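A short write-up of the structure that comes next.
The values are calculated or read from the model by the stated rules, or taken from the named source; none is laboratory data. Source: prediction; values computed, not measured. Note that each Cβ is placed from the backbone with ideal geometry, even for glycine, and that neighbours are counted across all protein chains shown.
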Amino acid sequence: MLLGARARTRASGQVWLVGAGPGDPELLTIKALKALQAAEVVVHDGLVSAEILDLAPATARRISVAKRKSRHAYAQDEINRMLVAFALEGLNVVRLKGGDPFIFGRGGEELEACRAAGVPCLVVPGVTAALAASANAGAPLTHRGSAQAVTFVTGHAAQKNADGGGEPDLDWEGLAKANQTVVIYMGLSTAPAISARLIAAGRPGATPALIVENASRADERRVPTTLAELPQAVAALDGPALLIVGEAMALAQAGDAAPLEVPTAREALA
């Protein structure tokens with residue numbers, strides 16, 4: 001039971017929607033770290049690293065609500081109820097989400113659930129994967145000469161068709177305009193359809209594209225390609241990956257991530 005005697009004796013707790021960033025623990029914000037260190041319950045995504053989870057107190061209860069395509073440990077409604085129930089027990093709850101809570105992270109739904117229940121809910125933004133992928137590859141998402149806009153879209157269809165496939169319902173004509181960057185989250189399985197749609201809408205097949213797998217992590221992998229060759233380029237990948245399409249991706253550097261030797265916060269302040 002999530003609710004118990006403490007609900008009658010303790011003041012209402014609160015929920016923190018915390019962005020854990022794309023994976024590199026050094027990209028965690030100071031505010032996110034402070035929220036984690038004060039947590040009594042941590043409800044976390046499956047992609048949040050053990051290094052980041054270990055920043056929470058040893059006494060904090062950890063609950064994984066990992067989502068892997070169609071295999072979910074908990075439905076979103078169950079997660080919403082869990083957050084509310086723990087907070088009503090008087091506990092300080094951290095909902096730890098990969099990237100940023102409000103960039104394809106369903107943070108908005110969890111915020112609404114807390115508000116509806118009268119539970120205080122605070123949001124800590126995080127570095128979304130697209131920013132880390134762009135920075136590491138040396139390919140800017142916006143560029144005065146080649147990318148005057150950037151759009152984040154999802155490659156994951158909310159509704160599946162009869163054979164289990166599907167593609168997102170997007171403004172393909174708008175996304176096909178030149179001199180803009182299109183970042184596709186969760187687009188590995190729908191890459192062939194996305195490529196075909198954008199080309200059919202007028203975006204040249206030779207438009208530079210970049211695939212980044214496991215952005216910011218030690219096993220990051222970058223694959224520069226083109227819009228037309230996107231379906232073939234994703235065939236060998238199965239990890240969490242971003243597809244980035246746009247003229248500015250011509251600046252992308254190929255290869256695997258090379259970890260940098262950077263000073264710790266304590267060293268930097270010394």
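Of the residues making up region 27-50, those that are among the β-branched types (Val, Ile, Thr) and in contact (Cβ under 8 Å) with a residue 60 or more places away in the chain number 1. Is there a residue in region 111-128 that is crowded, with 22+ Cβ neighbours inside 10 Å, of a type in the set (A, V, I, L, M) and touching a helix residue (DSSP H, G or I) at 6+ places or on another chain (Cβ under 6 Å)? Yes; the residues of region 111-128 include at least one that is crowded, with 22+ Cβ neighbours inside 10 Å, of a type in the set (A, V, I, L, M) and touching a helix residue (DSSP H, G or I) at 6+ places or on another chain (Cβ under 6 Å).
At least 2 residues being at pLDDT 95 or above and surrounded by 17 or more Cβ atoms within 10 Å (Cβ to Cβ) is the threshold, and among the strands (runs of 3 or more DSSP E) wholly inside region 1-104 those reaching it are 14-19, 41-44, 92-97. For region 46-103, enumerate the residues that are among the β-branched types (Val, Ile, Thr) and more than 15 Å from TRP16 (Cα to Cα). Passing the criteria: VAL48, ILE52, THR59, VAL65, ILE103. Counting the residues of region 186-244 that are more than 16 Å from TRP172 (Cα to Cα) and either in contact with a Pro (Cβ under 7 Å, 6 or more places away or on another chain) or part of a strand (DSSP E or B) (or both) gives 19.
Quick grid of which residues meet (1) under 30 Å from ASP238 (Cα atoms); (2) out of contact with any helix residue (DSSP H, G or I) (no Cβ under 8 Å at 6 or more places or on another chain); (3) not hydroxyl-bearing (Ser, Thr, Tyr):
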residue	(1), (2), (3)
ALA32	yes, yes, yes
HIS44	yes, no, yes
THR59	no, yes, no
GLN76	yes, no, yes
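Consider ILE63 carefully, then state whether it is under 18 Å from the mean Cα position of the chain (by Cα) and among the hydrophobic types (A, V, I, L, M, F, W, C). For ILE63, the condition - under 18 Å from the mean Cα position of the chain (by Cα) and among the hydrophobic types (A, V, I, L, M, F, W, C) - is not met.
Conditions (1) buried (at least 22 other Cβ atoms within 10 Å of the Cβ); (2) more than 17 Å from the chain's Cα centre (by Cα); (3) touching a residue at least 12 places away in the same chain (Cβ under 8 Å), marked per residue:
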| position | (1), (2), (3) |
| --- | --- |
| PRO168 | no, yes, yes |
| THR181 | yes, yes, yes |
| ALA200 | no, yes, yes |
| ARG203 | yes, yes, yes |
| ALA215 | yes, no, yes |
| LEU227 | yes, yes, yes |
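Against the test of being β-branched (Val, Ile, Thr) and touching a strand residue (DSSP E or B) at 6+ places or on another chain (Cβ under 9 Å), the options ILE52, ILE30 yield a single qualifying residue, ILE52.
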